[in-house]
Structure formats: structure tokens, C-alpha cells
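Following: one structure in C-alpha cells, then a few remarks.
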Amino acid sequence: MRPQARLAAAMEILGAVLGSNRAADRLLASWQRNNRYAGAKDRRAVSEMVYAGLRQQGVRRWRLEAAGLELTPRHFMLADPDLTPEQAAALCDGSNHAPPPLDEAEREALAAMPPADQAPLWAKVNLPPELCDLAAEQFGDSLEAELAALNGRAPLDLRVNSLKAKRADILEQLAAEGIAAVPTPYSPLGIRLEKQVRLESHPLYTDGLIEPQDEAAQLAGLLLGARPGETVIDLCAGAGGKTLLLGAQMRNKGRLIAADRDGRRLDRLKPRLGRAGLNGAGLDIVETCGPDKLPALLEAMEGQADRVLLDVPCSGSGTWRRNPESRWRFGPEALDDLRAAQADLLRQGARLLRPGGILLYATCSIFGFENDQPVDAFLADHPDMRPVPLAQAWGAALSTDCPFSDDRLRLSPLRHGTDGFFAAVMQRQA
């Protein structure tokens, strides 16, 4: 593909990203499937153009507004701060598979665009102004550094399935195959690949020895401290990444219930269970509970659970480096609904616990109003629940000294190299 054709392809894909709620990586994969003629270098170049645009979305939106151009996929790509008006004109030459030529208004607007270094803070950190203000309250003087890290590329982390393998053996096998990998610094089950590698057809994945999972999510699952023979409920299981970890912790013994209000997401867990060695061969430790059965579950299991994991719906702001398009799809108007859902789930989770049972509340969010605030409000209203300091919960669950000094788990890409994540452990009084 010529550079003109690559630009046209990036415009097409960005049109789909900006005009829908679909994830950019899935739209890119769909384009690649439908355009088999594109070679590996072409696919990589188009992908880099799309993600560069998404990670510069604030600056590009600001430049377009300043120049009086409408936000369209074409203009969005032409607002690249590294693209001169002359280069834009050369790429948009109207030739075969190239974008149409610039009109006079576009030429004048591109020439009048202000340089990126003059952009306001919200544009530089790639956040809508309202979210930038909220993030500033959270991070203060470290705002730009924290959000720059959150705007970078995420590593590919893997979790070793402890039912089937040991981390040292997986690292040895990856090294033998020439795949550069290192242990994650905090999770004893984690492996971090130095480059993105497609593992969907690799035997380590198809045989259930590894699962892609960010180190922060691994730590949240491990921190619950699930043990063999217990009754454990993953109340917001989604597609079941943490359910698989909990099942391995329980060594396939006990009762593990994966519940979620979204039945479609929960359906994605079922084929993963057999691959992970959890369900099958008469074991069937994991039960799934979709929205139709959830009310009955909450009633029947009241006061029965040893441990409950609440990875609640949230802004997803801690994962924005994986999904940079998401930060422009989340508006402050959604906060009230999220706060209500988070508070409701905390109450439901607590009712499921037996006396002495453990509740873990987690989000993949950087914002305190989704993290500490709902936990503090919940504890104030529930004197039968007490907070468990992170060091105590860590020692009980992982049998090692806690590497963090906070009272709760607060992770960020800048300080820890993980997704942004929060977790708080609580215990129902005996």
C-alpha cells in the first residue's frame, strides 16, 4: 500500500471508531480481515496511525476547533501535529485509493492550525475538560505525568494457570521460542512480554496454561485469598478472567459462583472453563448465574459466602491506555448511575457474607469518587463491616510481605507499570 492508501484506510477505521461505541482494536481486526491484500507492514502502519490519532485526540480536537474545521475522520487525520500542510496535500492527491484532494477551505484551515505546544492542559493530557478537572483533583501536581503514562501503550501481561503450570517453566519455554518475557514485579503468577505477540493459537494458551490478564487484575483476584473448599462468589464476573484465577486458587475444590448482570459477557466464560481445567471430568466447581437467576441467588446465598469479589462497573479509566478511544466516550453525566450501582453492589455483596467472611471491592478506575469514597460511605453505614489493612490482607492471601505502603491497593501505570486499579478488603464481624 502507498502512504496515500494507508492514510485513507486510517480515515475509514477512525470513522468507525468515532461514530460508534465499538472498541478500536476490534474495528482494526475487522478491517484487516476484510482487506487481506494489506501486508504485515501495511497493517502495522495503519494501526499505528489509528492509535496515534486516538492518543492525540485532545490536541487534534483542539486544533480543529481553533481552525474552524468540523470533526470528521478526514479532518481528524489531517490535524496530526506532525503533518505539514504540504505533506497533507501530497497525501490527499485524489489518485487511486488516496483521499480526495484538499479544497481551498481545508488548505487555509490547515495553514492556520496552532502548534500542539500551545494546546491547553485538557488537550495535552488527552481528556475532555470536565474529566481533566476531576483528574486534577485526584493527582494534583503529578497530573501530567500520571496521564502521560495512562496515554501510553500497555504491555501484554499473562497469568500462569497454577492448576496446570509453574511460572518458571513457562518463562523457560517462552525463552526457548525466542519470546522475550520477564516475571511481573508484584504478581507471583504474572509474566510480562516485552513485545506484543499473538498467542491465540499458541499451545500455551489453547491448552489453558496461560491467560492474558494485566498484573493489577491478577493482584485483585489474589488479594481475595480464596481457599480450597470455600464458597466464593464473583458477583461482577463479566467474561470471567478473575473467576479463572479464583478457581485455580481453590484448587478445583469448593463452590465458585460467577454472576453478572450482563448475560452475554458471562457466556464468554463457559468455553474458558474447560480450557483452564476447572469444569469437566466431573469437577464443575464453577456455577454461572446470569441476570435472570441473580435475584434468586442473592436471596438463597445470604450469609453463606466465605468470600465475595466485587469488581464493580466503573469508568474504566484505569484501562484507557488499552482503549484510548474510551476516554472521549465517558461523560460526567454517567457518574450518578455508576455511583448508585457501586453502592448497591456493596450492599448486596455484604449480605452474601457469613460472619467472618471477606469482601473485596475493586475498580479499574483512577478516580477517588469510584474508589475510596464509596468504600468509606459503605463502612460508615455498615458497622458490622470492618476494613482490613492492605498489609494484613496481602500477608494472609499471598504469604509474603506486602510491597505497598498504602492501606488499600492503589495502582497506576506511572508508579507501578500496571493498569490503574483500586482494591479495598473488608471483613464482616464475627
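Of note:
- Failed item in (1) closer than 29 Å to residue 324 by Cα; (2) modelled with pLDDT of 95 or more; (3) touching a strand residue (DSSP E or B) at 6+ places or on another chain (Cβ under 6 Å), with residue 170 passing the rest: (1)
- Residue in the range 116-132 that is under 18 Å from the mean Cα position of the chain (by Cα) and of a type in the set (Lys, Arg) present: no
- Looking only at residues in the range 380-394 that are assigned to a helix (DSSP H, G or I) and open to solvent by less than 30 Å² (accessible area, probe 1.4 Å), the one that is nearest to residue 353 (Cα to Cα) is 393.
- Unique residue being open to solvent by 10 Å² or more (accessible area, probe 1.4 Å), farther than 24 Å from residue 55 by Cβ and assigned to a loop (DSSP other than H, G, I, E, B) when the list is 344, 336, 407, 376: 407
- Filter result (open to solvent by 20 Å² or more (accessible area, probe 1.4 Å) and either within 27 Å of the chain's Cα centre (by Cα) or aliphatic (A, V, I, L, M) (or both)) within the range 298-321: 298, 300, 307, 311, 313, 314, 319
- Residues of the range 125-141 classified as closer than 12 Å to residue 331 by Cβ and touching a residue at least 40 places away in the same chain (Cβ under 8 Å), total: 5
- Inter-residue pairs, beta-carbon under 6 Å, first closer than 21 Å to residue 72 by Cβ and in the range 20-36, second in a helix (DSSP H, G or I) and of a type in the set (Asp, Glu), 6+ apart: 24/325
- Filtered residue count, the range 347-356, keeping only those that are of a type in the set (Gly, Ala, Ser) and crowded, with 24+ Cβ neighbours inside 10 Å: 1
- Filtered residues of the range 94-112 (kept if outside any helix (DSSP H, G or I), of a type in the set (A, V, I, L, M, F, W, C) and crowded, with 20+ Cβ neighbours inside 10 Å): 102
- The residues of the range 251-282 that are within 17 Å of residue 231 (Cα to Cα) and loosely packed, with under 14 Cβ neighbours inside 10 Å amount to a single one, 253.
- Residues (in a helix (DSSP H, G or I), within 23 Å of residue 125 (Cβ to Cβ) and among the small types (Gly, Ala, Ser)) located in the range 48-93: 52, 53, 58, 66, 67
- Scope the range 343-375; condition more than 17 Å from the chain's Cα centre (by Cα) and acidic (Asp, Glu); matching residues: 344, 372
- Top-ranked residue of the range 283-297 - restricted to ones that are closer than 22 Å to residue 253 by Cα and not aliphatic (A, V, I, L, M), ranked as most open to solvent (accessible area, probe 1.4 Å): 284
- Listed by position, the helices (runs of 4 or more DSSP H) inside the range 239-293 whose residues that are charged (D, E, K, R) number at least 3 are 263-267, 270-276.
- All helices (runs of 4 or more DSSP H) inside the range 115-217 with 1 or more residues being open to solvent by less than 70 Å² (accessible area, probe 1.4 Å) and either among the aromatic types (Phe, Trp, Tyr) or touching an Asp or Glu at 6+ places or on another chain (Cβ under 6 Å) (or both): 121-124, 129-139, 203-206
- Matching residues in the range 322-333 - criterion: being charged (D, E, K, R), out of contact with any Ser or Thr (no Cβ under 9 Å at 6 or more places or on another chain) and open to solvent by less than 30 Å² (accessible area, probe 1.4 Å): 325
The values are calculated or read from the model by the stated rules, or taken from the named source; none is laboratory data. Since the model is a prediction, treat every value here as computed from it, not as a measurement. With ideal geometry, Cβ positions are generated from the backbone for all residues, glycine too; neighbour counts draw on all protein chains shown. These area figures cover heavy atoms from the full protein model, side chains too; ligands, DNA and RNA do not enter into them. Shrake-Rupley method; radii C 1.70, N 1.55, O 1.52, S 1.80 Å.
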